[in-house]
Amino acid sequence: MRGLFITFEGPDGAGKTTQLGLLADALAAEGYDVVRTREPGGTRISDHIRAILLDPAHTEMADAAEVLLYAASRAQHVHERILPALAEGKIVLCDRFIDASMAYQAYGLGIAPETVRAINAFAAAGLKPDRTYMLDLSAEAGLERLRRRAQGGRAQGLDRIELKRTDYHRRVREAFLRIAREEPERVLVVDGEDTPERIHARIRDDCNRLLELRDIPRTRREQA
């Protein structure tokens, strides 16, 4: 029995982490067995790699090293956590996956897309999401949100990726939109400028149809 693999993508500051949490809570309340995770990270080893990748002090990191470190984190995450959960019929909600590597490393850094794609296909053992919710937001708006959060004490400050120049983040956003155009059957683009409630309602409506189509069973009765 295979579960359901759903990813959340989009430019930094678009609200994907918030929306993943809202969907996870809603599905769990309805009795579904949900695994909530993130990349880079998701396992002990993957979290150690995450710390290296995002540390603002690591400005000397080579682009090739960045690609391979993200892939290494993903490989451990997929084999240790995601694939076992899917094999048990669970719904896995993941904050970022291979689309992020294509957007940030292939198009953001300018590394050959076929190289990044091949490395990550190996790292992920060919695993692809059943559905991807892509929250779209301009680079300028997203970075402004991140700065406000950091200034308001809701975050520890910008990480190494978030500190990159605005033109880099513009390329990342365009790459995400390009992926959505190339794979419309998998990727649903949602306006990140909309209210969190309206965004959640759209995602929940689409997810309901997906659950019905895949006939994903509940493991317990809906909570009151």
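Each value in this text was obtained by applying a stated rule to the coordinates, not by laboratory testing. Keep in mind the model is a prediction, meaning the values are calculated, not measured. FYI the Cβ positions are ideal-geometry reconstructions off the backbone, even for glycines, and counts take in every protein chain you see.
Net charge of the neighbourhood of PRO84, taken over other residues with C-beta under 12 Å away and scored Lys/Arg +1, Asp/Glu -1, is +1.
Rounded to the nearest 10 degrees, the angle from helix 166-182 to the longest Cα principal axis of the chain is 40 degrees. Whole-Hz Karplus values for region 53-61 come out as 4, 9, 4, x, 6, 8, 6, 7, 4 Hz, taken residue by residue from phi with 6.51 cos²θ - 1.76 cosθ + 1.60 and θ = phi - 60°; glycine and proline positions read x.
Extending 7 Å from Cα along the Cβ direction at TYR168 and again at ALA62 yields two label points whose distance is 1.8 nm.
Within the listed set GLN151, GLN76, GLN19, the Gaussian network model of the chain (springs between alpha-carbon atoms below 10 Å) gives the highest mean-square fluctuation for GLN151. Sequence-ordered 3J(HN,Hα) estimates for region 94-111 from the Karplus curve with 6.51, -1.76 and 1.60 and θ = phi - 60° stand at 10, 7, 6, 7, 5, 4, 5, 5, 5, 6, 7, 8, 5, 8, x, 8, x, 8 Hz, glycine and proline given as x. Only helical runs count toward this figure. For the chain, summing -39,500 (n - 2.57) over DSSP H runs of n ≥ 4 and dividing by all residues gives -15000 deg cm²/dmol at 222 nm. Compute the signed sum of charges (Lys and Arg +1, Asp and Glu -1) over the other residues within less than 10 Å, Cβ to Cβ, of LEU22. The answer is -1.
Nearest 10 degrees is fine. How inclined is helix 196-214 to the longest principal axis of the chain, computing both from alpha carbons? Approximately 60 degrees, to the nearest 10. Each Cα pair under 8 Å and six or more residues apart adds its separation to the average, and for region 4-214 the resulting relative contact order is 32 percent. Per the Kirkwood formula applied to alpha carbons, region 4-214 shows a radius of gyration over Rh ratio, Rg over Rh, of 0.94.
Reported to the nearest whole Å, the Cα centre-to-centre distance from region 1-65 to region 135-152 is 18.
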